[in-house]
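Participant: Got a structure here, written out as structure tokens. Questions coming.
The values are calculated or read from the model by the stated rules, or taken from the named source; none is laboratory data. Values in this document were obtained by computation on a predicted structure and should not be read as measured data. Every residue, glycine as well, gets a Cβ built from its backbone with ideal geometry; the counts of neighbours run over all protein chains shown. Each accessible area value is taken on the protein alone, full model and side chains, heavy atoms only, with ligands, DNA and RNA left out. Shrake-Rupley method; radii C 1.70, N 1.55, O 1.52, S 1.80 Å.
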Amino acid sequence: MSTFVLRFSATPRGARLARRLASHQMDLWGWDYGSPVHDTVELIVAELAANAVTHGKIPGRDAELRLARQVDEGLVRVEVDDVRGERLPVLAADPHGSPLSDRGRGLALVTALAEEWGVAERLGGPGKTVWAVVAAPRSPAEVTCSDVSPRPSARHPCGPR
């Protein structure tokens with residue numbers, strides 16, 4: 001299992017940094033920018049980080065992002081910690097709501113994109129961890145030459161045949 005951990009300020013700028021660095025990490029792990037797994041993880045990180053800095057913020061306390069790549073299970077686990085354990089996330093009763101509303105759709109997106117998600121007590125400190133699990137078939141970088149179909153892509157590490 002590979003893990004990426006980032007402590008970020010509980011500000012909109014910190015949430016953007018978490019999203020951008022998660023995106024970069026997914027690319028380093030072999031899921032290219034724009035691929036379905038990459039974009040799903042990036043969107044879930046964006047939503048959970050935005051929720052942490054909007055609803056879980058206490059001035060002077062940071063939030064934390066963890067990505068765990070579970071190769072054998074074909075999963076990427078996203079976790080975002082904040083210090084407001086008493087403020088649990090709530091899925092909006094009507095995620096479609098008002099078309100002009102800029103709130104209330106984030107967890108509906110997480111629900112639609114993740115295999116599962118939930119909330120747990122934060123280990124080692126006050127607060128909570130909101131987590132989501134994303135199905136992540138092996139990245140192209142993990143495919144071996146024996147796995148290559150008769151028509152491999154030029155981007156494959158084994159090269160075209």
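Participant: Exactly one of (1) open to solvent by less than 40 Å² (accessible area, probe 1.4 Å); (2) touching a residue at least 24 places away in the same chain (Cβ under 8 Å) is unmet by ALA92. Its number?
Facilitator: The one condition ALA92 does not meet is (2).
Participant: Here's a check for you: in the stretch 47-105, which residue that is closer than 16 Å to TRP131 by Cα and part of a helix (DSSP H, G or I) is modelled with the lowest pLDDT?
Facilitator: HIS55
Participant: Looking at LEU43, is it closer than 22 Å to ALA120 by Cβ, hydrophobic (A, V, I, L, M, F, W, C), open to solvent by 30 Å² or more (accessible area, probe 1.4 Å) and in a helix (DSSP H, G or I)? Spell out how you get there, then give the answer.
Facilitator: Details: closer than 22 Å to ALA120 by Cβ: yes; hydrophobic (A, V, I, L, M, F, W, C): yes; open to solvent by 30 Å² or more (accessible area, probe 1.4 Å): yes; in a helix (DSSP H, G or I): yes.
Taking the combined requirement at face value, the residue satisfies it.
Participant: So, one more: Suppose we filter ALA18, ALA22 for residues that are modelled with pLDDT of 95 or more, over 16 Å from ARG69 (Cα atoms), open to solvent by less than 60 Å² (accessible area, probe 1.4 Å) and not aromatic (Phe, Trp, Tyr); which single one remains? First the steps, then the outcome.
Facilitator: Values: ALA22 fails: over 16 Å from ARG69 (Cα atoms).
Of ALA18, ALA22, the one residue that is modelled with pLDDT of 95 or more, over 16 Å from ARG69 (Cα atoms), open to solvent by less than 60 Å² (accessible area, probe 1.4 Å) and not aromatic (Phe, Trp, Tyr) is ALA18.
Participant: If you don't mind, there's one more thing I want to ask. Being touching a residue at least 24 places away in the same chain (Cβ under 8 Å) and more than 12 Å from the chain's Cα centre (by Cα) is the filter; apply it to the stretch 25-41 and report the residue that is farthest from ARG69 (Cα to Cα). Explain how you work it out, then say what you get.
Facilitator: Applying the first criterion (touching a residue at least 24 places away in the same chain (Cβ under 8 Å)) to the stretch 25-41 yields 25-26, 29-32, 37, 40-41.
Filter once more, so that each one left must be more than 12 Å from the chain's Cα centre (by Cα): 29-32.
On the way: TRP29: 8, GLY30: 11, TRP31: 11, ASP32: 15 Å.
Restricting to residues being touching a residue at least 24 places away in the same chain (Cβ under 8 Å) and more than 12 Å from the chain's Cα centre (by Cα), the top hit is ASP32.
Participant: Filter the stretch 126-161 for residues that are over 17 Å from ALA68 (Cα atoms), among the hydroxyl-bearing types (Ser, Thr, Tyr) and open to solvent by less than 80 Å² (accessible area, probe 1.4 Å); which is modelled with the highest pLDDT?
Facilitator: Checked the stretch 126-161; the qualifying residue modelled with the highest pLDDT is THR144.
Participant: While we're here: Is it the case, given these coordinates, that GLU86 is among the acidic types (Asp, Glu) and surrounded by fewer than 16 Cβ atoms within 10 Å (Cβ to Cβ)? Walk me through it before giving the result.
Facilitator: Values: among the acidic types (Asp, Glu): yes; surrounded by fewer than 16 Cβ atoms within 10 Å (Cβ to Cβ): yes.
Against the criterion (among the acidic types (Asp, Glu) and surrounded by fewer than 16 Cβ atoms within 10 Å (Cβ to Cβ)), GLU86 qualifies.
Participant: How many of the residues in the stretch 113-125 are over 16 Å from LEU88 (Cβ atoms), open to solvent by less than 80 Å² (accessible area, probe 1.4 Å) and hydrophobic (A, V, I, L, M, F, W, C)?
Facilitator: Here is the first cut: in the stretch 113-125, the ones over 16 Å from LEU88 (Cβ atoms) are 113-116, 123-125.
From the residues that got through so far, the ones that are open to solvent by less than 80 Å² (accessible area, probe 1.4 Å) too are 113-114, 125.
If we keep only those that are hydrophobic (A, V, I, L, M, F, W, C) as well, we get 113-114.
Going through the stretch 113-125 one residue at a time, the tally reaches 2.
Participant: May I ask you to list pairs of residues, at least six apart or on different chains, whose Cβ atoms are under 7 Å apart, with the first in the stretch 54-83 being open to solvent by 70 Å² or more (accessible area, probe 1.4 Å) and the second being assigned to a loop (DSSP other than H, G, I, E, B)?
Facilitator: HIS55/ARG84; HIS55/ARG87; LYS57/ALA10; ARG61/ALA10; ARG61/VAL83
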